[in-house]
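What follows is one structure encoded as structure tokens, with my remarks underneath.
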Amino acid sequence: MPEQRVNFHQDLDEIRNEIVQLGALVREFIPRGTDVLLAGDLGGALALIEADDEIDALTLRIEEQCYNVLARQQPMASDLRSIVTAVWLTGELERSGDLMVNVAKAARRIYGAHLDPRLRGLIERMSEEASRLISLSLDAYVERDASLGAALADIDDTLDAIHGDYIEAIFDAHSTHDLGLQPAVQLALVGRYYERIGDHAVNIGQRVQYMVTGWLPEQTGAARLRAREATLVDLESTEDPRPGDQ
């Protein structure tokens with residue numbers, strides 16, 4: 001194998017390893033942020049918010065590595081998809097970390113609010129599912145498992161269902177005056193943050209499919225649009241009278 005190709009694959013391995021490191025940091029953020037929220041831990045909330053700088057720095061380093069490889073190696077086909085996927089995944093993971101920072105900020109805003117056992121249990125379950133989805137999405141990436149990547153959309157249904165129960169629990173707690181309006185709003189946002197982490201995991205799964213097969217969900221929509229446009233052109237051509245018909 002030419003030396004240039006050897007160096008390219010070494011670069012890819014390094015990028016992959018750093019994405020795994022980034023994913024590990026994000027996975028750590030999820031239970032950590034949940035514990036901060038449930039314990040009303042102001043010091044822990046501040047520490048998590050500040051720790052996001054490490055995720056941001058690693059994200060920038062990975063992106064710079066990807067752009068340098070693109071400039072030096074000019075990869076084609078599947079190699080190019082691997083680099084593009086790495087950039088996409090980095091963004092999805094970084095935004096997932098930001099969502100847990102938002103949970104920590106919410107913990108500070110609702111400090112002192114009473115969370116009943118039902119709400120606490122549902123928050124813990126959302127946290128566990130969000131963490132599981134991120135872990136599975138990283139497994140799909142590392143193992144280049146397009147089937148697992150595709151399955152994440154269905155696996156995410158569990159988190160969506162828990163989120164629905166959680167919103168109902170917030171309404172119930174507020175209606176019985178156990179939960180004030182401001183804490184209720186903040187807790188509703190917290191549920192959305194966990195749900196969005198699941199969405200980011202699903203996005204990662206789709207990008208893994210692209211890396212392995214070259215397919216993206218947007219391609220299906222684009223194909224439908226082209227088909228509709230072609231049908232419209234055909235209809236217009238049959239409706240326009242020919243000069244001899246007038």
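Give a residue-ordered list of calculated ³J(HN,Hα) values for region 45-58 (Karplus: 6.51 cos²θ - 1.76 cosθ + 1.60, θ = phi - 60°; whole Hz; x for Gly, Pro).
5, 5, 4, 5, 4, 5, 5, 4, 4, 5, 5, 4, 5, 5
Beta carbons within 10 angstrom, averaged per residue: use that to sort the peptides 191-197, 78-84, highest first. Let's see the in-between values first.
On the way: 191-197: 22.0, 78-84: 16.7.
In descending order of packing, they fall as 191-197, 78-84.
Mind checking the angle between helix 117-143 and the chain's longest principal axis? C-alpha axes, 0 to 90 degrees, to the nearest 10.
30
What spacing in nm lies between the two simple spin-label points modelled at ARG95 and LEU46, each 7 Å away from Cα in the Cβ direction?
Simple spin-label model gives 3.1 nm for this pair.
What is the order of LEU48, LEU133, fewest Cβ neighbours within 10 Å to most? Kindly include the intermediate steps, with their values, before the conclusion.
Numbers: LEU48 23, LEU133 26.
Ordered from fewest to most neighbouring Cβ atoms within 10 Å, LEU48, LEU133 come out as LEU48, LEU133.
If packing is taken as the average number of other Cβ atoms within 10 Å across a peptide's residues, how do 93-102, 177-186, 23-32 rank, most packed first? Mind dumping the intermediate values first?
Working: 93-102: 22.7, 177-186: 15.4, 23-32: 20.1.
Descending packing order for the listed peptides: 93-102, 23-32, 177-186.
Let me know the charge dipole size of the chain about its Cα centre in debye, to the nearest 20, where only the beta-carbon of Lys, Arg (+1) and Asp, Glu (-1) is charged.
Numbers: 23 positive and 43 negative charges, 37 e Å.
Dipole magnitude for the chain comes out near 180 debye.
Using the number of other C-beta atoms within 10 angstrom as an exposure proxy, rank VAL69, VAL87, VAL20 with the fewest first. Kindly include the intermediate steps, with their values, before the conclusion.
Working: VAL69 21, VAL87 16, VAL20 12.
By the 10 Å Cβ count, ascending: VAL20, VAL87, VAL69.
All of the numbers you see were taken from the coordinates with simple rules; none came from a lab. Remember, predicted model here, so these are calculated numbers, not experimental data. Cβ atoms come from the backbone with ideal geometry, glycine included; neighbour counts cover every protein chain shown.
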